[in-house]
Every structure is written in C-alpha cells, then in structure tokens.
Amino acid sequence: MSQTYDPTEFMGNADTHSGVTNAKLGVWLFLASEIMLFATLFTSYIVLRMVSTSWPWGWDALNVPLATLNTVILISSSVTIVMAYAKAYDKNKSGFQLWMAATVLLSLGFLVVKAFEYGHEFALGIGPHTSVFYAIYFTMTGLHGIHILGGIAVNGGLLYMSTQKEHWEHPLFLGRVEGAGLYWHFVDIVWIFLFPALYLL
Amino acid sequence: MSHDDHGHGHHELTFWEKYVFSVDHKVIGLQYLITSFIFLLVGFGLMGLMRWQLAFPGTPIPFFGHLFPADLAPNGVMSGEFYNALGAMHGTIMVFLGVVPLAVGAYGNYVLPLQIGAPDMAFPRMNMMSYWTYLPGGILMLSSFLMPGGAAQSGWTSYPPLSIINPGQTMWLLSMVILITSSLLGAINFLVTTINMRAPGMSLWRMPVFCWAQFVTSVLLLLAFPPLEAASVLQLMDRVFHTSFYMPKDLVILGKAYMGSGGGQPLLWQHLFWFLAHPEVYVLVLPPMGIVAEIIANNTRKPLHGYKTLVFSMIAIGVMSFMVWAHHMFISGMSPALGNFFLVTTMIISVPSVAILTCLIFSLKGGSIRYNLPMAYALAFLPLFGIGGLTGLPLGLTVTDIYLHDTYYVIGHFHFVVVTGSIIALMGGTYYWFPKWYGRKMNDTLGWIHFWGTTTSMTGIFLPMLFMGLAGASRRLYDPTAQLHNLPVQGWNVVSTISAYCLGVFQLPFIYNFFNSMWRGEKTPENPWQATTLEWACPSPPPHGNFEKTPVVYRGPYEYSVPGRKTDFWMQTDKN
Amino acid sequence: MGKYGWSLPVAASSYAGNIDFGIWLIHAAMLGIFVLWGAFFIYLLVKYRAKPGVKAVREDHDDTPAHISVPDSISKFPFAQLLYKNKGELKSLIPDMIIMTFEIALIVFYAIPVWSKIKMHVPEDKDAVKVEIVAEQFGWNIHYAGPDGKLGARKIELVHFSNPIGLDRNDPAAADDVVMGNEMRLPVDKTVVIDLVSKDVIHNFFVPEFRIKQDAMPGMKIPMWIKPTKTGKYEIACAQLCGFAHSLMRGDMYVQTQEEFDAWYKSRLATIPASAKPVNAAEEF
Ligand code: HEA
Ligand code: HEA
Ligand code: CUA
Ligand SMILES: [Cu+2]
C-alpha cells in the first residue's frame, strides 16, 4: 500500500479521536462480536441441557486429564505471549521471537492433545451424532479449535514478520502484537469457560 | 505521515487496482451499489414468477415457463417445491443481498466517510475484503438453484425440522455464514471510522443524522449477526453430521422414523433466528430514515426539527430491538406468559419510531419546501412507511396476532415498511447523491415517471395484501385457491400481481436513466443542492483521499436559512 | 356476503368476538392516526411550499439552548431547566404520548386479559370434549378420547398408513377412541379441550371462523381450547409452511348439535374392527 494513501496510519484528529488506535479499537469490536458468538453457543448449551431428559456427567463421557493438561498449556501460552509483547515493547527482537515461538508451539501442542482426545472418541464410535451432549461438545470445542488455528496463523505471521526489518521497525508493529495478544487471551478465556461447562458439570 | 498530505505520493493505479480490487471507499461503495441493485432485480424477478402462480394458480408461466427443467415446472406450471424455493430465496436475497448491502455497503461506504470528513474508511483493505466476501456469498446463494434438489425451500426463516429435511438448505447456510462474515467486517470498519476518523471539529453532536443511523446500524450488525452465525453452524451440523440440536425425539417423517438421536429443541432456532432478524429489520430501515432526514433538511431549507430527538430515538430503537424478538413467536408454542412480556416491549419500541416520523413531519413546518426528485421520495416515505408501521401494531398485540399471524397481513405490513419505506428512501438517495458520484444529475422527466409509477404500483401491490390478511389468507401458499376461505379475496391477488408487473416496467426508466446519466447526464456544480454537510465540500466525484486538505468543522449539520446571511445555507466547513 | 368475504369471516367461537373487537378497535385507531397525520402532512406541504423571496423560518431548537431563559415562575420545579430549555424538542413528543397512552390502555385492559383467557388457561370443564390433534405432512389426524375422556396411548413403532398416529388399540383407554383424517366434528356450545402435537415438522392449526391459530411443535404437546357457538361447516387450514404441499393441507370442520354429534360418534365407533391388529411399522423399511 506504499503508493496509495494508507488511513491505518491516519492517527485522527486530537479533538475528535478516541485516543485508541484504529487497530486496537477494531480488535476490541471484533472480540465483542466473538463474545456474542460464543455466548449464543453457551445459551444453546444451557437450553438444550434443560430440555433434555438424559444428560451425561462430563467426567464420565469425556477425558478430564487430557482437558486439564490442555488448560495448563493454554494458560501458559497466554503468559508467553505477554512476555513476547514485553520483549517487543523494549525492542528486544530475539527475546520476542523466542517467546512468540513458544506461544505458537504451545498452541500446536494444544491441538495435538485435542486430536488425541477426538481420536479416542472416534475410535469408540462416538461422534456428534451420538447424542445432543456430544453434538454440543464437538461443535463448541471444534469452533474453539478453529479459533486456535486462527491464532496460530496470526502469531506465526507476526513471528515471520519480525524477521523482516521493515516490519519489525514499523511503528504499528507493537500494536499488531498487542492485538494478537488480546485475541489470544480471548481464545484462552473461552476455553476457561468451555472446560468446566463440558467436562466438570 | 500526517493526513494533510495524503493527496500526494500516490501514482497511477492499474485498472484492476482502480476498479476491481480497489481499496477506495468510493469505488467499493459503487461496487456495492451496482451489485445490490442487480440482486434487487433478481429478487424482483423471482417474485415475479411467484406472483404469477399466486394470481393464476396452475396455469403455465408465460414466456419463461418452458425454460425451466421439468422437475421445477412440469410443462410450464410451477411446482410446489419451486414456489417455496422462490419464496425463500426472494426473502433472503432481498434482505441480505439487496437492501442491507445497498443501505449500508453502498450508501454507508460512499457517504459516511465524506460526511465526517475522513480521507477513507479506517481499514481500506478490510473494506475491500467485505465486498469480496459479499459477492461470492451472493453468487453461492444464487447458484444453489442449480444444485440437485434446488434452492432452500423452508422460507427465509428456515424453521427446523423442515429446514433439516428439505433439500437446498446446506447451500443457504453456507452462504449465510459467508455473508454474515462480510457484514461483520463492514460493521467493525464503520464503527472505527466513525469513532476515530472524524475531521477536526466534527464532534458527535455535529454528525449528520445519516451518520448516526449508520453508526447505530453497525452496532446492530455487530451484535446481532454472530448469534445467527452460531445458529447456522448448529443447523449445518444437524444437516451434515446428523446431530439433533433442533430435532426432538420420535419424529416420523412421511412414514419413516427419523434416524437422528433426537433430544433437540426446534424452538431454539426460532429464538436465535429472531434475535438476529428483528434487529435486522431495523438495519433495513434506519439508514433509509437517515437518508430521508438528510433530504428533508436540505429541501425544507431549515434545520431538522428535533435533531437530538431523532438521534436518541434511533439509539433507543437500537437498544430495544434486542428485546422484542419473540413477537414473531407469540403462537409458536413458547410459554404464553412470555408473550405478555414481548407484547409490552413491542409496544414500547413503536414509541421511538413514532417520534422519528413526528420529527420528520414537524421539520416541514416553517420550511420553504423545494419539490425536487429526492424530496419527492423522502416525502413519499413518510405516509407509506407510516402505513407499514401502523400495521405493525395489531401484529404486536398478542391477541390480534393470534388471527393475523402468518397471514398476508404480515406480508403487507413488512412490505410497506421495507419496500415503500426502505426501497423508496434508497431510491431517493440515489437521486440525491448521484451528482456526488458522477458529477452529473439524473434526468428529471424520467425521474418523475419513475416516481409516480413506482409509488402508485407499490401501493397497488401491498394494500390488497392487508385486506387478504384480514380475510384470513395465509402466506406461503403455493396455491391460495386450495383453501376455501381464500376464494373471495383471490381477486386481490390478481390486482396485486398486475401492479407488481407494472412496478417492474416502471423500473426501466430508472435503470436507463441511471446508466445514461452516468455519461450523458447534465453536468452539475460541486454543491448542486446547496447543502451544508461535508460530502458537498469536496469535488464530485471526490479524488482519492477525498478532501484536498482535511476539512475543519465549525457548526452543526443543518444550518439553513440562518438570519442575516445572504445565502440560505451555511456549510459546516465555512469559517464564517 | 356468505361465510367468507373481503373481511373477517363469520365469528363462530366463544372468543372470536373478543379478537374481532380488538382488530376493529385498533384499525379504527390506526385509521384515525393516519388520517390526522395525513391531513396535517398535506397542510404542511401546501402551506410551506417554496415561494419566491420567502425564506424558511427556523424555530429555536435546542442546539443552542443557552439563550433560552427559564421564567422564574417555573424555574424552581425539578428538571424545569432541562425540560424548558428543550421544549422545542419535547413538543414533538406530544403525539407520541397520545399514541403511547392508547397502547398502554390496549395492553392493560385488552391484550393481557384476553390473551390469558384464550392461551394461558384451559377452562376446567368435566364434560368437555377431549381431542388430540396429530398434524403430519400433509394432513390432520383428529384423535377423539371418547366418552371416557381418556386418550389411548400412542406408540411410534405402531405408526402405519392404516394407523397414522400409532394408536395402541390394546390400551383400554383407546377402546372408545375414534381417529379421523382431515375431518373434525364438534358439538356446538361445548368446550373442546385439545392437545396439539406434530409427527414431523411444524404445522399450524388454523380455523378462521374460530379465530384460533396455534403452531403444532414437534416434540411438544400444546394445550388449546375452543367453544364453537355456531353450527355449520368450516375449514381447517395449515398456516405454517410445512413443505411442498403446505397449501393442500386442509380439513373440514363440522359444528353440529349434540345429538347429531353423538349419533355420528357412535357410527364411527361401530366401524372399528373388533381386533384392530397392531401393525409394526418397523417392517415397512
Ligand atoms: C424495515 C423493517 C421493519 C420495520 C421498521 C418494522 C416495524 C415494526 N414491526 Fe415488523 N416485521 C418486519 C419488518 C419490519 N417491521 C418483517 C420483515 C416481518 C416479517 C418477518 C417474517 O415473518 O417473515 C415483520 C413482522 C412483524 C411482526 C410479526 C408478525 C407475525 O409474524 O405474526 C410483528 C409483531 O409484533 C411486527 C411488529 C412491528 C412493529 C410494532 C413495528 C414498529 O417499529 C412500527 C412503529 C412505527 C409506527 C407506529 C408508525 C408511526 C406512524 C405514524 C406516526 C403516522 C405517520 C403518518 C403519516 C405521515 C401520514 N412486525
Ligand atoms: C427487503 C426485503 C424485501 C423487499 C424489498 C421485497 C420486495 C417485494 N416483495 Fe417480498 N418478501 C420479503 C422481503 C422483501 N420483499 C420477505 C422477507 C418475504 C418472506 C419470504 C418468506 O415467506 O420466507 C417476502 C415475501 C413476499 C411475498 C409472499 C410470498 C408468500 O408468502 O408466498 C410476496 C408476494 O407477493 C412478495 C412480493 C414482493 C414484491 C412485489 C416486492 C416488490 O416491491 C419488489 C421491489 C423491488 C424492486 C422494485 C426492484 C427495484 C430494483 C432496482 C431499484 C434496481 C435498479 C437496477 C439498476 C439501477 C441497475 N414478497
Ligand atoms: Cu402443514 Cu403447512
Ligand atoms: Cu420483529
């Protein structure tokens, strides 16, 4: 976009600007819509559970240890991305790359564990069609998984960009990292809700 | 880089960058405009086929009848499946591919940044993306007609279990998810732009009503669409992976027991759908209301009556619209006690709407009204939308809705608000902003023909529907004459069909006028309507980056006929 | 104009009157509002058309309320400042207030009471006719509980074209049950208590003359009641899109005198074969 005007660099006007950068505001709004998305799914979960005649206990039907492991992985990945941001903040490139790589690896780890979990259930011939409980379980965790993939793409992208001078030194780079961090925390929080709702209640 | 010198430092763009994959909000706006116009015509075409079947059930469709494959229209006579597909697609296309992209994608995109003095949208590339997700989504939606089994047949509301067992629905759901994504991208962009990109001096209370309308609309889109996305995903699961989110136990479909596990709840879909679709209907009408406000202020040559009342009413509508959804479900089997709650909220939401119309009508008082084309449309909007809105009240009353629900009264109601309301206002907007888009104006004579033809034939289509509804004629009837109580009012169907075809004919002058004026229309000055708002403070069509130098705003949007000035309009940008 | 016309059909149930009252009342009001507004609207359009040399006059609206001074007489009242300075705005809310009071009156004195009468309580009535209506693509099965007032059990595995609702004839309660297809007969002036259910998709039980309309939700049993007040032949229509033959899904509704009805019911009972063998639908596929 070098040869045309790029409003993402348009920092607005002192008296009519909210003070929050466009990118950050955009991310927040995006997260608002995401909240509506998952809130709807949780509402559906509650409704379906209330109308249903038989609802299994999460810990009987699902693999709690693996899910606990995943919870740990995801929470620690939230920590690592904060570290990455801190490093980017004080312009420490190698530090940033280290922590960001850690984040990406952890999220990949999450997916691997999830794959094992799914695989085990499929092996038992259990699938979304089995019952409404498994239907909502596969749908919600699946959708969450897609969000993890998205996160991996973004974080991986930032990792790659940091290797290139013009990106790393771009005035908005820090903001992009921050945006990615916000998103990643959100994905994490969703899981914090999913875990008890599906596995422990 | 500061925003002043944006004009410089960009070289010639290639054709592709300039017209196809452009990131310029004006080009994208026009892309939206033309595309949604075409989808409107498509929706109109589908409806034209339905109208024939409704007026002359069981007779071959003239001209086109034999073009359809035999399973859709055996020897030219429309089949029930085909009728239902047309109905569902008409509704979907008109709402999600026609009016919303036109009102938000086209007018919002083009006019909003200009009116707030911004060089472009906050995220130009995202803006391009939202168009380039909208178009494929639309094409996918249309292509579902070519699928085996045809397009979705369960109404635009796609109530399960019917939508789960009917063909075509999968494509519908997929394209809906794509279209929703596009709208979300747009909504975020609009909000950030309005919040962050306003020119110096353009405080919120100096924004034109149209900008406020777009702002509220974007909030609605942002918060109301994700629930439908989730609901669609669940329905997709039901169809593709045979889950049972919406399928209760022990269904026996055409003599066969349904294979799914059961245990789901069909009402869940209705709640989720209407939680989107009610805010959605206000998405359909708020931007047009904004357009009407702009045009009225401009052509009465005086400030709007109750600018703040208008804005607060729109915000109130926005908030309330999340609390009325179940007035579509009074007799759906949900707890009747809930009915009372939604009865009250529905009556409450009609209050701000009345306030808006009242303000717009009071704005005429004391004015010096110029009767030009845009004004004609804006004025036609008031009483016609009024009819539509008023007919919403008996529907909102639980008791009367027992009888009126799912009759043509409902069809009449919402076509009055959406066609003689939104579409009329949007057409007015085309005449009003055409000079901005192309630096030329549309031909008046053709315009007036279009105006009178359109308004009268629209009334001719939809007024009969109200009478049919009172006589108890149900909607979505492939063959209305199959039910005895419809026979006396069948004549109205003929009236309505003939008017519909007239309406189609009267669009021809408009289409010709539109494209002809693009190149051969009479040239106009920079500010042909002597308007005060910012979009007229830059060349028409505006260059890339819109304003030579960032405009500075000194006053409210509608400072017309200020005493002691020689011109009767005082632009927001003139220092004095 | 016979039973059907260009307007509401004949009112043939106990609460049809209440509904019609509401419909006419609110339409009168709507017409009133529209005509008043319309007249005012036209008046404005004519009076304030552009005339050469005449400038538009601005009312002082509250964009600059600073210069409006509040008369001391009222200034001490709460909100006086706020309200008075915005009186220009508030004027426009007067029509609103009128419409609103009308709506509130409608809600309190009409909508809520009548709604609870029609939809929220099924009248307690020992000798009410008990019926179950089982909707399916594309027809109505009317299942009478018979003199014993008990509905026979239904079993999904018994569903068969000869026994569309899967009625279990071995159940004693089913002994005096009668099942009709697309034909419903009711005694006049007698409360009818209905369970509305659906076998497959959503249908809607609509009898225009009774002003009754209710979705049949699969997986739910929806209680409903009617009290026919006029003998005659009416129409049962399906009012919810339920597939390609939705418009053909109709039935006949006969309201008869008690005697006629009883006689007819006996004749129907007689036609039931002594041992209606339960057929297992599972073999069908
Ligand atoms: C733009 C879209 C739009 C708008 C603005 C509205 C506005 C309203 N709607 Fe409508 N509605 C729809 C679109 C819309 N609706 C659609 C698409 C459906 C059908 C969906 C489907 O089933 O397929 C529907 C269905 C629908 C139903 C469900 C009916 C049923 O299925 O049984 C109900 C019930 O409460 C309802 C109520 C209302 C009310 C109370 C308003 C109020 O907001 C109206 C308030 C406005 C006024 C009260 C007007 C005031 C008038 C004046 C001040 C007079 C002016 C006169 C002159 C100038 C001369 N609508
Ligand atoms: C925004 C929404 C919208 C719009 C604009 C329309 C427009 C029209 N609709 Fe639509 N309709 C619906 C939304 C809409 N409808 C919905 C949601 C349903 C319910 C579906 C369901 O049951 O599930 C429905 C159902 C419906 C039915 C009932 C079908 C049934 O129940 O069986 C009928 C019947 O006549 C009908 C008729 C019409 C007519 C005659 C128009 C006309 O007014 C057409 C107006 C359009 C035009 C006049 C075209 C204008 C074109 C241009 C201006 C473009 C010019 C082009 C260029 C310049 C390039 N509609
Ligand atoms: Cu059954 Cu429509
Ligand atoms: Cu609504």
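When only residues in the stretch A:69-92 that are without any contact (Cβ under 8 Å) to a residue 40 or more places away in the chain and part of a helix (DSSP H, G or I) count, which is least open to solvent (accessible area, probe 1.4 Å)? Of everything passing the filter in the stretch A:69-92, A:THR80 is least open to solvent (accessible area, probe 1.4 Å).
Taking the stretch B:387-405 as the region of interest, how many residues are open to solvent by 10 Å² or more (accessible area, probe 1.4 Å) and either within 16 Å of ligand 2 (Cβ to nearest atom) or under 16 Å from B:SER332 (Cβ atoms) (or both)? Qualifying residue count, the stretch B:387-405: 5. Looking only at the stretch B:241-257, filter to residues that are assigned to a loop (DSSP other than H, G, I, E, B) and without any contact (Cβ under 8 Å) to a residue 12 or more places away in the chain; which one of those is farthest from ligand 4 (Cβ to nearest atom)? Here the answer is B:GLY255.
For the stretch B:346-368, the criterion of being within 23 Å of the chain's Cα centre (by Cα), more than 14 Å from ligand 1 (Cβ to nearest atom) and touching a residue at least 24 places away in the same chain (Cβ under 8 Å) is satisfied by no residue at all. For the stretch A:125-139, residues that are touching a residue at least 24 places away in the same chain (Cβ under 8 Å), within 18 Å of A:THR53 (Cα to Cα) and either β-branched (Val, Ile, Thr) or within 7 Å of chain B (Cβ to nearest Cβ) (or both) total 3.
For the stretch C:218-244, a residue qualifies if it is at the interface with chain B (Cβ under 7 Å from one of its Cβ atoms) and either surrounded by fewer than 20 Cβ atoms within 10 Å (Cβ to Cβ) or away from ligand 1 (no atom under 16 Å from the Cβ) (or both), and the qualifying residues are C:PRO218, C:GLY219, C:MET220, C:ILE222, C:GLU235, C:GLY243, C:PHE244.
Here is a yes/no grid of residues against (1) within 14 Å of chain A (Cβ to nearest Cβ); (2) open to solvent by less than 50 Å² (accessible area, probe 1.4 Å); (3) away from ligand 1 (no atom under 16 Å from the Cβ); (4) out of contact with any Leu (no Cβ under 7 Å at 6 or more places or on another chain):
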| residue | (1), (2), (3), (4) |
| --- | --- |
| B:SER499 | no, yes, yes, yes |
| B:GLY504 | no, yes, yes, yes |
| B:LYS523 | no, no, yes, yes |
| B:ASN527 | no, yes, yes, yes |
| B:LEU534 | yes, yes, yes, no |
| B:PRO543 | yes, no, yes, yes |
| B:VAL552 | yes, no, yes, yes |
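For the stretch C:165-193, filtered to residues that are within 16 Å of ligand 3 (Cβ to nearest atom) and crowded, with 20+ Cβ neighbours inside 10 Å, the residue that is nearest to the other protein chains (Cβ to nearest Cβ) is C:ILE165.
Of the residues B:THR454, B:THR459, B:THR420, the single one that is open to solvent by 10 Å² or more (accessible area, probe 1.4 Å), away from ligand 4 (no atom under 16 Å from the Cβ) and not acidic (Asp, Glu) is B:THR459.
What tally of residues in the stretch B:160-188 results from selecting those that are within 11 Å of chain C (Cβ to nearest Cβ) and open to solvent by 30 Å² or more (accessible area, probe 1.4 Å)? Residues flagged as within 11 Å of chain C (Cβ to nearest Cβ) and open to solvent by 30 Å² or more (accessible area, probe 1.4 Å) within the stretch B:160-188 amount to 2. Among the residues of the stretch B:239-259, those that are facing another protein chain (nearest Cβ under 7 Å), surrounded by 21 or more Cβ atoms within 10 Å (Cβ to Cβ) and out of contact with any strand residue (DSSP E or B) (no Cβ under 9 Å at 6 or more places or on another chain) comprise B:THR243, B:SER244, B:PHE245, B:PRO248.
Scanning the stretch B:189-215 for residues that are in a helix (DSSP H, G or I) and open to solvent by 10 Å² or more (accessible area, probe 1.4 Å) yields a total of 6.
Of the helices (runs of 4 or more DSSP H) contained entirely in the stretch B:265-377, not one carries at least 1 residues that are open to solvent by less than 10 Å² (accessible area, probe 1.4 Å), at positive phi and within 16 Å of ligand 4 (Cβ to nearest atom). Would you check if B:THR92 is open to solvent by less than 10 Å² (accessible area, probe 1.4 Å) and either at pLDDT 90 or above or assigned to a helix (DSSP H, G or I) (or both)? Criteria met by B:THR92.
In summary, B:LEU222 fulfils each of the numbered conditions (1) surrounded by 24 or more Cβ atoms within 10 Å (Cβ to Cβ); (2) more than 16 Å from ligand 4 (Cβ to nearest atom); (3) modelled with pLDDT of 90 or more with the single exception of condition (1).
Per-residue answers, yes or no, for (1) open to solvent by 10 Å² or more (accessible area, probe 1.4 Å); (2) within 14 Å of the chain's Cα centre (by Cα); (3) more than 30 Å from A:TYR89 (Cα to Cα):
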| position | (1), (2), (3) |
| --- | --- |
| A:GLY145 | yes, yes, no |
| A:GLU169 | yes, no, no |
| A:PHE173 | no, no, no |
| A:PHE193 | yes, yes, yes |
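Taking the numbered list (1) at pLDDT below 95; (2) within 9 Å of ligand 1 (Cβ to nearest atom) in turn, B:PHE414 passes all entries but (1).
Filter the strands (runs of 3 or more DSSP E) completely within the stretch C:181-233 down to those with at least 2 residues that are among the charged types (D, E, K, R).
By residue number, C:183-187, C:212-216.
The values are calculated or read from the model by the stated rules, or taken from the named source; none is laboratory data. Quick caveat, the model's predicted, so the values are computed rather than measured. No Cβ is skipped: glycine too gets one built from the backbone with ideal geometry, and neighbour counts run over all protein chains shown. Only protein heavy atoms, including side chains, enter the accessible area calculation; ligands, DNA and RNA are left aside. Shrake-Rupley method; radii C 1.70, N 1.55, O 1.52, S 1.80 Å.
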